[in-house]
Structures are given as structure tokens and as C-alpha cells.
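The structure appears right after this line, and notes come after that.
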Amino acid sequence: EAVAFHGNTLARVPDLTVSANATYRMGLRKGWASYVRGDLTYVGKSWETEFNFTQTDPYTRLDLRVGFEKADTSLEFFVRNLANDQSWTSVARSPNLGLTPLTNFSTMGAIATPQEARTYGMRVRYTF
């Protein structure tokens with residue numbers, strides 16, 4: 001008897017994905033300019049396989065940047081994953097080879113990948 005997938009959702013395809021960004025630029029003194037940028041991403045829930053056994057929760061990520069520019073020089077401060085959301089970005093099913101002999105694949109495990117943790121940083125660029 002064949003396995004029926006009727007009614008199941010396509011694997012590893014979120015039910016909804018939305019991205020939005022905005023940048024505000026302003027002039028400063030002595031030839032400098034600055035900007036503030038925000039990037040917002042929402043990824044809906046998705047199933048691990050066509051069998052629809054394991055599902056990831058929806059998650060949201062917000063990245064922010066503040067930068068200063070003048071001629072050939074730029075300085076940028078950034079924060080990735082501002083809310084430090086550790087939701088899983090993917091889930092995969094795999095044989096649990098550590099607990100069963102290689103001839104028995106009846107025990108399965110799941111591998112989950114969380115979002116990148118909150119990251120702060122600075123970029124400096126000089127073009128010559």
C-alpha cells in the first residue's frame with residue numbers, strides 16, 4: 001500500500017514569508033551624511049518533510065543599522081537579531097545512529113537549527 005500525502009503541506013516551505021525594510025537618510029555638517037536602516041523579516045511555520053511530522057514555529061527577525069558617510073569613508077554600527085529570538089529556522093529528521101545498531105533505523109532523531117544569536121558590530125570602509 002502506498003503512502004498517501006493528500007492534504008499534507010509541502011515540506012520546508014513556510015506558509016508565509018514577509019520582508020520589509022526602511023532607510024532614513026539625513027545630512028550632517030562638514031559634508032557628512034548619516035542613515036538609519038531597519039530590516040524586518042517574518043517567516044511562518046513550515047513542515048520538515050512531506051509526512052508533516054515535525055513543524056517549525058513562525059519567527060520574526062529585526063536588524064538595525066546606523067551609519068555615517070563622507071566621500072570615500074563610511075562607518076556603520078549594526079545589530080542583527082535585535083530581539084535575540086532563538087526560534088528554530090529549520091528542523092530535520094535523521095536516524096538516531098548513536099542509540100541503535102546500523103541495521104535498525106526505527107529510532108529517529110530531530111536536528112533543529114536556531115537563528116543566529118544577537119550580534120553587534122561595526123564596519124569601517126575607506127575607498128582609495
Next item on the list: Mind listing whichever residues of segment 28-43 are of a type outside the set (D, E, K, R) and open to solvent by less than 40 Å² (accessible area, probe 1.4 Å)?
Entry: Ala33, Ser34, Tyr35, Gly38, Val43
Margin query: Test of understanding: among Arg25, Arg37, Arg29, Arg12, which residue is within 20 Å of the chain's Cα centre (by Cα), among the basic types (Lys, Arg) and more than 19 Å from Ser87 (Cβ to Cβ)?
Written below: Arg37
Next item on the list: Would you list the strands (runs of 3 or more DSSP E) that sit entirely within segment 54-128 and hold 1 or more residues that are open to solvent by less than 50 Å² (accessible area, probe 1.4 Å) and modelled with pLDDT under 95?
Entry: 59-70, 88-95, 108-114
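Out of everything in segment 44-53 that is assigned to a loop (DSSP other than H, G, I, E, B) and among the hydrophobic types (A, V, I, L, M, F, W, C), what residue ends up being least open to solvent (accessible area, probe 1.4 Å)?
First, pick out the residues of segment 44-53 that are assigned to a loop (DSSP other than H, G, I, E, B): 44-45, 48-53.
Pick out the ones that are also among the hydrophobic types (A, V, I, L, M, F, W, C) and you get 51, 53.
Values: Phe51: 84, Phe53: 135 Å².
Step by step, filter segment 44-53, then rank; the result is Phe51.
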Item checked: Conditions (1) touching a residue at least 24 places away in the same chain (Cβ under 8 Å); (2) within 22 Å of Gly121 (Cα to Cα); (3) open to solvent by 60 Å² or more (accessible area, probe 1.4 Å); (4) not hydrophobic (A, V, I, L, M, F, W, C): number failed by Arg25 -> (1)
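Look at Ala11 and say whether it is open to solvent by less than 70 Å² (accessible area, probe 1.4 Å) and modelled with pLDDT of 95 or more. Write out each step before concluding.
On the way: open to solvent by less than 70 Å² (accessible area, probe 1.4 Å): yes; modelled with pLDDT of 95 or more: no.
Here the answer is no, as Ala11 does not meet what is asked.
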Notebook entry, point to check: List, please: which pairs have Cβ atoms under 7 Å, are six or more places apart or on different chains, and start with a residue in segment 69-85 that is on the phi < 0 side of the Ramachandran plot and end with one that is open to solvent by less than 30 Å² (accessible area, probe 1.4 Å)?
Noted result: Ser74/Gly67; Leu75/Gly67; Glu76/Gly67; Phe78/Gly121; Asp85/Gln115
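The values are calculated or read from the model by the stated rules, or taken from the named source; none is laboratory data. Note that the coordinates shown come from a computational prediction; the quantities given were computed from them, not determined experimentally. Neighbour counts run over all protein chains shown; Cβ positions are idealised from the backbone, glycine included. Note: accessible area is taken over every heavy atom of the protein model, side chains too, but ligands, DNA and RNA are not part of it. Shrake-Rupley method; radii C 1.70, N 1.55, O 1.52, S 1.80 Å.
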